[in-house]
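A short write-up of the structure that comes next.
Please treat every number below as a calculation from the coordinates, not as lab data. Just so you know, these numbers come straight off a predicted model, no measurement behind them. Don't worry about glycine lacking a Cβ; one is built from the backbone with ideal geometry, like all the others, and counts go over all protein chains shown.
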Amino acid sequence: MKERIYLDNSATTRMDEIVLDAMLPYFRENFGNASSVHIFGQEARTCVEASRRSVAELIGADTREIVFTSGGTESDNAALWGVFRSGYRSGNHIVTTKIEHPAVLATCKSMESAGAEVTYVSVDASGRVDPGAIEAAIRETTLLISVMHANNETGVIQPIEEISGIARRRKILLHTDAVQSVGKIPTNVRELGVDLLSMSGHKIHGPKGVGVLYIGKGTKLTPFMTGGSHERKRRAGTENVPAIAGLGAAARLAWERLQEMQTRVGALRDRLENQILTRIPGTRVNGRPPRLPHITNVSFEGVDGEGAVIALDLQGVAISTGSACSSGALDPSHVLTAMGLRPEVVQGSLRFSLCYHNTDDEIDRAFKILESVVQRLRRLSRKNYA
Ligand SMILES: Cc1ncc(COP(=O)(O)O)c(C=O)c1O
């Protein structure tokens, strides 16, 4: 078999060699605790602060607004629970959307058990939430609005700037889960106008198990993790220095590659999408622009998505049916369902997500394999789509 082709970068990315090189010294000789006073501690601290600067630059924040966490899931939890428990104003109501990642949706569910009231706003057929619908959901008791910057299944970018205008006017805090957008499109906290933003290392060729919660200056938040006074008392626990070193290196790479992600990688995605749409009948793209440059979600009539993922995997092409967390589970995609797709269309939908390292050759080879897999699965289901 020729080399495997990885088109599941929304699930996770391959760690860059440069990132690994940045991490290794902090496993070996520079193993100090960043809180220690001696030279070992100082080296670790220098590394943590350098990474903080790199992340701050990538998202347009001040270094004091960056808190390192164990990943996107923790950042989402810390943001939501942190606001809910902060008592910054009276109320218990949260506005979010039906298309959020489980890191937000499941957190909202457990907050409901703890007395929160949550409104889950839907999206239109294009996969976008209407800022008017967010505004209509606001109550006197609303504490927080949480809307993702871009969706992990469709890549559809949400109107955060407009929602920010509403949140500011109504004096409600705004959180965005930017795990998929950071490093793919300009994601600047000031331009977006958010108070809280979540990001994750492993979606940008960094290590797994490390992320960031941006906490805008003056935003009152009760810490999610309690213990020592790390991260200016906002996230207790000894800093994961090797992972933070890797995240810093990944942030620097993401910053350098941001333009190319949108041009070259965007063109690769379009090339794949155009080949699918023009050469495989019975296909449609789910989600309309503005979209992230590296994701496409396509429905194939008469094809079982899970079957296609397995058949492609056997031929060396890695993709998924939706978010990694829901792959393997039999529940149909909550994102595509919220967009109004019929269950059989949802069932036949596949997500292809590219990265900086993909090539034209890989895309063309992946397309040929996909074309033959779809033909075979359709033959098996005895349907004719010619
Ligand atoms: C939109 C979104 N939010 C949050 C997460 C969770 O991030 P992590 O894997 O770093 O916990 C993911 C991961 O798939 C994601 O796509």
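Here are the numbers for this structure:
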quantity	calculated
Angle between the chain longest axis and helix 17-27 axis [Cα atoms, degrees, rounded to 10]	40
Around residue 207: net Lys/Arg minus Asp/Glu count, Cβ-Cβ under 12 Å	+2
Cα long-axis angle, helix 72-86 against the chain (0 to 90 degrees, to the nearest 10)	50
Dipole axis of the chain (+1 Lys, Arg; -1 Asp, Glu on Cβ), positive-most option in 158, 30, 320	158
Helix axis angle, 305-314 relative to the chain longest principal axis, alpha carbon, degrees	90
Of 184/208; 184/233; 109/184; 98/203; 208/233; 171/217, pairs whose Cα-Cα distance is over 26 Å	184/233; 109/184
Highest-first arrangement of 218-225, 32-39, where packing means the average Cβ count within 10 Å	218-225, 32-39
Electrostatic dipole magnitude of segment 17-253 [Cβ: Lys, Arg +1; Asp, Glu -1; Cα centre; debye, to 20]	600
Exposure proxy order (Cβ contacts within 10 Å, fewest to most) of 357, 175, 205	357, 205, 175
Sorted peptide list for 160-170, 74-84, criterion being average Cβ within 10 angstrom, highest first	74-84, 160-170
Helix-only CD estimate at 222 nm, as mean residue ellipticity for the chain, using -39500 (n - 2.57) per DSSP H run (n ≥ 4)	-12500 deg cm²/dmol
Taking 148, 15 and counting other C-beta atoms within 10 Å, the order from fewest to most	15, 148
Selected from 359, 75, 280, residue furthest toward positive end of dipole (the chain; charges at beta carbon)	75
Dipole of segment 17-253 [Lys/Arg +1, Asp/Glu -1 at C-beta], most positive-end residue of 183, 243, 127	243
Efficiency of FRET between residue 259 and residue 14 - r from beta-carbon atoms, R0 22 angstrom, step 0.05	0.60
Overall form of the chain per C-alpha gyration tensor (a/c, 1.5; a/b vs b/c)	oblate
Segment residue 313-residue 29, length gained on full extension (0.36 nm per residue, minus Cα span)	98.3 nm
Full-extension gain in nm, residue 126 to residue 50, via 0.36 nm per residue minus C-alpha separation	23.3 nm
Net charge over other residues, Cβ less than 12 angstrom from the Cβ of residue 44 (K, R count +1; D, E count -1)	-3
